[in-house]
Ligand SMILES: Cc1cc2nc3c(=O)[nH]c(=O)nc-3n(C[C@H](O)[C@H](O)[C@H](O)COP(=O)(O)OP(=O)(O)OC[C@H]3O[C@@H](n4cnc5c(N)ncnc54)[C@H](O)[C@@H]3O)c2cc1C
């Protein structure tokens, strides 16, 4: 291996080969001699809001990536080691065995506060070692430093509408179109049989000179330990599963606008968990669905769907420019709201035993499946903060522990929106009425009855009536009075 050019692609949340620009650049430099590495980070595994279910999906995605890499001649090493230690140990091993250091290390950019600090540290280490480093845009179409009000680097949008106007103008530009069109060879790489089996020309074994190789693959260990704690069915993972989901959703795209708010209808894409791990990117989705963004103001399923993708990018922009939102309200005025934080009520909310059918159905869907419909996420978040008067961070944390698609930027943005503490929030005086929300978005109770079997025989009127006699259904009475709590919530915010 002396004097041979080889490279490392450091996978993080870009767990796929197709359309992975940083990986592609690495392969170009090394003529195929690129190895994949994934480092489990103790920070990630010891987070208070760690989720065994999400981790199981993540591990399944990693294994799918490993299979894809192997089928194309490549390899993946999954280590139980901080990235900084990994690089330092690997370089020491290489020096000792007179193996040249990698020519290049590549990765896809990550915008979370912790990740940005970690990456700066790694860049410094690599520079010191004389190893070149390249990172590329991947899981956003436009990065936070690109969607700005002016040329000033921190002049970011705090309101979604102007952000989206700017975003669409960028999409319409020749650069925007080029980003999307870069994925137009999609049909080629979406087809498994068309793939090259010799895209990669190196395996980890090529570096292993003796028994002193300092790393063992840790994936099997993690899978074994974690699998015992999994409580939901883990969906199919990996690039092909994500692509299949996208193809299935294509049929619903034109009716997305009408259907997306009804949790009883399977009208949304359910791509969020694939976006989270980068098994599919928004750019690939936009290219594949031919969402060119022209005429974006018109009401249509395609435009509505694209606007949801923009919400995701908006929340990334907020987290990037205001990383402190991870811990506190975006709006300083609401930093110290006097939440009541009743633990007993919180428990009832978590368990889906509030006596508010639409809320309980959502919370039970979350517990049973690891996913919740967007309309219901808004309803349960509003209910927790403005009916139960519980700090949005409690809800945010619970969601992170339960959601397979749990993602800091969107989760934080969604919670702060619902609690009216964030950027572009729901105004505090607009409080969702859970009874009306249920009647409007699940009138026949299809969704409610799926997750609350106790209510299977309940009539439509009973489901959406706060005063209905619940006796026959073995289902709790409402734990609070919405009208009373709404007034309390309004004064809580008004005091500020
Ligand atoms: C309180 C709350 C918490 C949330 N937590 C998360 C989270 O942890 N992870 C997460 O991915 N989304 C979160 N969302 C946003 C949204 O609910 C989910 O992205 C959506 O329900 C995922 O289902 P889907 O893929 O079928 O969405 P679709 O309706 O098919 O939308 C397509 C994609 O657009 C993006 N998107 C849609 N709506 C939103 C939105 N309101 N904000 C940001 N991006 C959006 C998602 O990436 C989604 O996959 C949260 C919303 C709320 C109100």
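Could we say that residue 481 is assigned by TED's automatic domain parsing to the domain that holds residue 391 and surrounded by fewer than 19 Cβ atoms within 10 Å (Cβ to Cβ) here?
Details: assigned by TED's automatic domain parsing to the domain that holds residue 391: yes; surrounded by fewer than 19 Cβ atoms within 10 Å (Cβ to Cβ): yes.
Yes, satisfied.
Output the qualifying pairs, or none if there are none: Cβ atoms under 6 angstrom, residues six or more apart or on different chains, first residue in segment 220-239 and within 17 Å of residue 367 (Cα to Cα), second residue not in a helix (DSSP H, G or I).
Partner pairs satisfying both residue conditions: 232/370.
The rows are residues; the columns are (1) crowded, with 17+ Cβ neighbours inside 10 Å; (2) near the ligand (Cβ under 10 Å from one of its atoms).
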position: 210; (1), (2): no, no
position: 217; (1), (2): no, no
position: 228; (1), (2): no, no
position: 234; (1), (2): yes, no
position: 252; (1), (2): yes, yes
position: 264; (1), (2): yes, no
position: 272; (1), (2): yes, yes
position: 282; (1), (2): yes, yes
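May I ask you to list the residues in segment 149-159 that are in contact with a helix residue (DSSP H, G or I) (Cβ under 8 Å, 6 or more places away or on another chain) and either surrounded by fewer than 19 Cβ atoms within 10 Å (Cβ to Cβ) or assigned by TED's automatic domain parsing to the domain that holds residue 108 (or both)?
Listed by number, the residues that qualify are 149, 154, 158.
Any chance you could count how many residues in segment 366-382 are part of a helix (DSSP H, G or I) and within 11 Å of the ligand (Cβ to nearest atom)?
The number of residues fulfilling the criteria is 10.
If you check residue 345 against the conditions, is it more than 11 Å from the ligand (Cβ to nearest atom), surrounded by fewer than 24 Cβ atoms within 10 Å (Cβ to Cβ) and assigned to a loop (DSSP other than H, G, I, E, B)?
So residue 345 fails the test.
Any idea which of 306, 289, 319, 388 is modelled with pLDDT under 95 and either surrounded by 20 or more Cβ atoms within 10 Å (Cβ to Cβ) or within 12 Å of the ligand (Cβ to nearest atom) (or both)?
None of the other options fit; the residue is 289.
Answer yes or no: is there a residue in segment 393-411 that is more than 8 Å from the ligand (Cβ to nearest atom) and over 30 Å from residue 60 (Cα atoms).
No.
Determine whether segment 290-304 contains at least one residue that is outside any loop (DSSP other than H, G, I, E, B) and under 30 Å from residue 12 (Cβ atoms).
no
If I go through segment 349-364 residue by residue, how many of them are crowded, with 21+ Cβ neighbours inside 10 Å and part of a helix (DSSP H, G or I)?
Number of matching residues: 8.
Take residue 16 and decide whether it is touching a residue at least 12 places away in the same chain (Cβ under 8 Å), part of a loop (DSSP other than H, G, I, E, B) and within 18 Å of the chain's Cα centre (by Cα).
The answer is yes for residue 16.
Return yes when residue 103 is at pLDDT below 95 and surrounded by fewer than 22 Cβ atoms within 10 Å (Cβ to Cβ) and no when it is not.
Here the answer is no, as residue 103 does not meet what is asked.
Among the residues of segment 415-425, write down those that are in contact with a helix residue (DSSP H, G or I) (Cβ under 6 Å, 6 or more places away or on another chain) and either near the ligand (Cβ under 10 Å from one of its atoms) or without any contact (Cβ under 8 Å) to a residue 60 or more places away in the chain (or both). Working first, answer last.
As a first pass, look at segment 415-425 and keep what is in contact with a helix residue (DSSP H, G or I) (Cβ under 6 Å, 6 or more places away or on another chain): 415, 418-419, 421-425.
Once the filter is applied, which keeps residues that are in contact with a helix residue (DSSP H, G or I) (Cβ under 6 Å, 6 or more places away or on another chain) and either near the ligand (Cβ under 10 Å from one of its atoms) or without any contact (Cβ under 8 Å) to a residue 60 or more places away in the chain (or both), segment 415-425 yields 415, 418, 419.
For the condition assigned to a loop (DSSP other than H, G, I, E, B), in contact (Cβ under 8 Å) with a residue 24 or more places away in the chain and within 23 Å of residue 24 (Cα to Cα), what is the one hit in 133, 111? Give the steps one after another, and end with the answer.
Numbers: 133 fails: assigned to a loop (DSSP other than H, G, I, E, B).
Residue meeting the stated conditions: 111.
On the given criteria, is residue 442 within 11 Å of the ligand (Cβ to nearest atom) and at pLDDT 95 or above?
No; evaluated as a whole, the condition is false for this residue.
Taking the condition of being assigned to a loop (DSSP other than H, G, I, E, B), modelled with pLDDT of 95 or more and under 19 Å from residue 374 (Cβ atoms), how many residues in segment 227-279 meet it?
Qualifying residue count, segment 227-279: 13.
Give the residues of segment 451-461 that are touching a helix residue (DSSP H, G or I) at 6+ places or on another chain (Cβ under 7 Å), assigned to a helix (DSSP H, G or I) and surrounded by fewer than 19 Cβ atoms within 10 Å (Cβ to Cβ), sorted by residue number.
454
Can you pull out every residue in segment 342-360 that is on the phi > 0 side of the Ramachandran plot and within 27 Å of the chain's Cα centre (by Cα)?
352
The values are calculated or read from the model by the stated rules, or taken from the named source; none is laboratory data. Everything quoted here is computed from the prediction, not taken from an experiment. Neighbour counts run over all protein chains shown; Cβ positions are idealised from the backbone, glycine included.
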